[in-house]
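The values are calculated or read from the model by the stated rules, or taken from the named source; none is laboratory data. Predicted model only: the values in this text are computed from it and were never measured. So basically every Cβ, Gly included, is an ideal-geometry build from the backbone, and we count neighbours across all protein chains shown.
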């Protein structure tokens, strides 16, 4: 990623910690929460890899291709799930598409823009930025009520806490905005 090294490493740490927490959420008793947590863990770790500061370590070119393929597959899975169960998976589809877009932009030959390689299309970058800024704002508002969440049993496991899942999604949304600004 292009930018100060310290903020790049903070972004790596945030994304990796979020991915690790999402792995813990995969122990939920609810099947749908486990599936969502798995996709979010993949997203968190993928974003951590993409956020490694270019000034410190330049990732090999094959990493960008591998990330594009992995998130292309995740996007196809989200598309299939959205077609099967409804709009709940559209955010994962957009997130996977954004990851493919950033991987392709970063794999472009050096000297054609920011980051590790080339820059993205301004219209697509702007559209994705608008979506993720709106997503962050809406998700942040949903975290504001601190009262006990209805339907959350006392002693619920870490994977069954909806407010922690929202905080996880919020942190990844914020990281996505930061990464899109660097494309």
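Would you confirm whether or not the range 146-158 contains a residue that is at pLDDT below 75, more than 23 Å from residue 10 (Cβ to Cβ), touching a helix residue (DSSP H, G or I) at 6+ places or on another chain (Cβ under 7 Å) and buried (at least 19 other Cβ atoms within 10 Å of the Cβ)?
At the first step, the residues of the range 146-158 found to be at pLDDT below 75 are 146-158.
Keeping just the survivors that are more than 23 Å from residue 10 (Cβ to Cβ) gives 146-158.
Now narrow it down to the ones that are touching a helix residue (DSSP H, G or I) at 6+ places or on another chain (Cβ under 7 Å): 149, 152, 158.
Of the ones still in play, those that are also buried (at least 19 other Cβ atoms within 10 Å of the Cβ) are none.
No, the conditions are met nowhere in the range 146-158.
Tell me yes or no: at least one residue of the range 57-78 is within 23 Å of residue 133 (Cα to Cα), surrounded by fewer than 18 Cβ atoms within 10 Å (Cβ to Cβ) and out of contact with any helix residue (DSSP H, G or I) (no Cβ under 6 Å at 6 or more places or on another chain). Looking through the range 57-78, none of the residues is within 23 Å of residue 133 (Cα to Cα), surrounded by fewer than 18 Cβ atoms within 10 Å (Cβ to Cβ) and out of contact with any helix residue (DSSP H, G or I) (no Cβ under 6 Å at 6 or more places or on another chain).
To keep it simple, each residue is scored yes or no on (1) closer than 23 Å to residue 178 by Cβ; (2) modelled with pLDDT of 95 or more; (3) outside any helix (DSSP H, G or I); (4) over 13 Å from the mean Cα position of the chain (by Cα).
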site	(1), (2), (3), (4)
9	yes, no, no, yes
35	no, no, no, yes
90	yes, no, no, yes
112	yes, no, yes, yes
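Whenever a residue of the range 21-43 is in contact (Cβ under 8 Å) with a residue 24 or more places away in the chain, its partners that are surrounded by fewer than 19 Cβ atoms within 10 Å (Cβ to Cβ) and assigned to a helix (DSSP H, G or I), lying with C-beta atoms within less than 6 angstrom and at least six residues away or across chains, give the pairs 24/158; 26/34; 26/38; 28/34; 28/160.
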